[in-house]
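Taking it in order: structure first as structure tokens, then the write-up.
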Amino acid sequence: MTGARITHPLLLGLTNICMCTRTKLSSKAFLLMALLPIPNYLHPNKHMQGMLEDRLIHQCLSIVLQPLMKAAKVGIMMSDLVGNVWHCFTPLAAYIVNTPEAAMLACVCRKTSPFTMASYLQFGDIFRHPSHTRSITLDQLDSITVDPNNLEAYFDACAEYRLNSVCTPFWMNWPLTDPSIFLMSEPLHHWHKEFFDHDCQWCLTIVGTSELDFRFLILQPITGYCHFTGGISRLKQVTGRGHHDIQHYIVGLISGAALCHFIIAVCALMDVQYLAQSPTPDDDLLASIDQALLTFHEHKDIILTSGA
């Protein structure tokens, strides 16, 4: 935006559009619905500012998405590509966001899973905690008797349930809408940036910065693949494409320089990232992802014990 003004863009797409078409920017498969405001708040407490910002986003979403909520209840007549008219309903199938935004939309605090009942103290558990369903969140909000306009008191009351103090979630009146289901991992942050910020940094620590940079340097340049002539330790403003290119080489380059269990843990996470990008997931693929995650959990202790 011009004039030093910034906003959150809200984009809308259809799940029945083929993934290969939808993910191409040139296809224009997403429609800009609204620009959500990012105002400055006068409250001196930063926690209260964050609460007000989260409430504003939910309120804006409730206004903008009201026609879709109504269509999800009673339906709407729509025509397909060949002119046939259908009675359609519009459930919220997926909301693609990064981790902080997912927590905000699920109405939970930071360092709390928006999908399950786990907090940051249980993130290392090998098992999946119970789902944090919409009914649980709404029941917790109903049990709070403090006036939502009393910001500090309401914030303290919500802290007991690890809620972010949003009193009226935008999805509360949307039929068949559950944050534990519609919140989707976003590939740039949850796969590629996660790899660069964590997996790649573990490898630099274990193998050594100079050694791993040297191994990238001596790779034979291949047409179609990025060649990191200066290594990767000093890369700045790396894009998702750069993260993706480093993933092509990382497992092979740490072989022989890192412990076997460490290599297995990193390779298991790479398997998860690649399998999750499949355009046609099925039960066999999901079982393979679960097995890769189990393998990582079985070997992840080496990352801590080795100081990575």
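Since every read-out is calculated from the coordinates, none of them should be taken as a lab result. Not measured: the values here are computed from a predicted model. Cβ: placed from backbone, ideal geometry, glycine included. Neighbour counts: every protein chain shown.
With both labels modelled 7 Å from their Cα along Cα-to-Cβ, the ASP284 to HIS87 distance reads 4.0 nm. FRET efficiency for the HIS227 to THR133 pair, using the beta carbon distance and R₀ = 35 Å, is estimated at 0.15.
Each of the peptides 276-287, 237-248 was scored by the mean count of other Cβ atoms within 10 Å over its residues; in descending order, highest first, they stand as 237-248, 276-287. Remark on LEU163: its backbone amide H falls under 5 Å from those of CYS109, a criterion applied only to residues 5 or more positions apart or on other chains, H modelled at 1.01 Å from N. In this structure, LYS46 and LYS111 have a Cβ-Cβ separation that, at R0 = 25 Å, corresponds to a calculated FRET efficiency of about 0.95.
Taken over the C-alpha atoms, region 187-305 has Rg and Dmax values of 14.5, 42 angstrom.
Listed by chain and number, the aspartates and glutamates placed with their C-alpha closer than 18 angstrom to that of LYS46 are ASP54, GLU101, GLU152, ASP156; residues fewer than eight positions away on the same chain are left out. Derived scalar couplings between HN and Hα for region 118-130 equal 7, 9, 4, 6, 10, 5, x, 5, 7, 9, 8, 6, x Hz in order, rounded to whole Hz, by the Karplus curve 6.51 cos²θ - 1.76 cosθ + 1.60 (θ = phi - 60°), x for Gly and Pro.
In this structure, the residue pairs whose Cα-Cα separation is over 22 Å, taken from LYS24/LYS236; LYS70/LYS111; LYS24/LYS70; LYS193/LYS236, are LYS24/LYS236; LYS70/LYS111; LYS24/LYS70. Converting phi to 3J(HN,Hα) with the Karplus coefficients 6.51, -1.76 and 1.60 and the offset θ = phi - 60°, region 234-248 yields 10, 5, 10, 6, 6, 8, x, 5, x, 4, 5, 5, 5, 4, 4 Hz in sequence order, with x at every glycine or proline.
Which one, SER26, SER288, SER165, has the greatest fluctuation when you compute a Gaussian network model over the chain with C-alpha springs under 10 angstrom? Its mean-square fluctuation being the largest, the pick is SER26. Determine the calculated [θ] at 222 nm for the chain from helices alone, applying -39500 (n - 2.57) to every DSSP H run no shorter than 4 residues and normalising by the residue count; nearest 500 deg cm²/dmol. Calculated at 222 nm, the ellipticity per residue is -12000 deg cm²/dmol. Summing charges over neighbours of ALA265, with a neighbour being any other residue whose Cβ is under 12 Å away from its Cβ, gives -3 when K and R count +1 and D and E count -1.
Over region 52-210, the reciprocal of the mean inverse Cα-Cα separation, the Kirkwood hydrodynamic radius, stands at 18.0 Å.
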